[in-house]
Amino acid sequence: MIRAVTVFGGSRPTPEDYEQALHLGRLLGGSGYIVLTGGYIGVMEAVSRGASEAGGHVIGVTCDEIEAWRPISANAWVKEERRFARLRERLFALIEGCDAAIALPGGPGTLTEIAEMWNHLLIGALSPRPLILVGDGWRATFAQFFQSFDAYIPSEQRRWLSFTQTVEEAVQMLSENQTR
């Protein structure tokens, strides 16, 4: 059963991506999911805000290393902060603390989160759970990756990644996974 959903995404979204993240937060919060984010700005803020405004519980997973690098604190919509000293600990808390994850557009940090979770699913370090990547950017990135490194990534490893065009489709996937 999916109760907690981690949302990965960048700290510098376009206005359109911010609105998409806000909408996703509203969909998740309104559907009763516990929402975990990185807890800071950008996509994390938008998802947190949307989920909170929809009555959902928002967990922000923060860390000292990020705040030493960029003076910032958890966004105003985080209801529960889980704080760690190191970025690595934060990453694992986001991955291990969820029953499913959704990745919105982002940069190197978001790509790291996807890759780390995918690898943990591949080796069985995590129990099976959805890892859903939203939008053309991730679809194109992984299509190129699969094409360039085809021999290294057999189809049974690719099955851990799901791709959707919209946040509505991603939430629908979560709902479908509830009945499996």
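Here are a few things to note about the model shown:
- Residues in the stretch 131-145 carry Karplus couplings, in order, of 10, 10, 10, 9, x, 5, x, 5, 4, 5, 4, 6, 4, 5, 4 Hz; the curve used is 6.51 cos²θ - 1.76 cosθ + 1.60 with θ = phi - 60°, and Gly or Pro positions show x.
- Taking amide H as placed 1.01 Å from N in the peptide plane, the amide H of residue 39 sits under 5 Å from that of 61, each at least 5 places away or on another chain.
- Phi to ³J(HN,Hα) by Karplus 6.51 cos²θ - 1.76 cosθ + 1.60 over the stretch 87-92, Hz, x for Gly, Pro: 4, 4, 5, 4, 4, 5
- Choice from 114, 41, 72 with maximal GNM fluctuation in the chain (Cα, 10 Å cutoff): 72
- Note on residue 76 and residue 89: the extension gain reaches 2.4 nm, defined as 0.36 nm multiplied by sequence separation minus the Cα-Cα distance.
- Label selected from (i) 14.9; (ii) 11.5; (iii) 9.7, the criterion being mean projected area of the Cα convex hull in nm² as computed here: (iii)
- Shown here for the stretch 1-70: trypsin sites (Lys or Arg not before Pro) in loop regions (DSSP other than H, G, I, E, B) with at most 15 other Cβ atoms within 10 Å, namely 3.
- The chain: angle of helix 108-122 to the longest principal axis, Cα-based, in degrees nearest 10: 60 degrees
- Between the stretch 1-79 and the stretch 137-180, the alpha-carbon center distance in angstrom: 22 Å
Every read-out reported here was derived from the displayed coordinates using simple, explicitly stated rules and does not represent laboratory data. Just so it is clear, the structure is predicted and the values come from calculations on it, not from any experiment. All Cβ positions, even for glycine, are placed from backbone atoms using ideal geometry, and neighbour counts span all protein chains on display.
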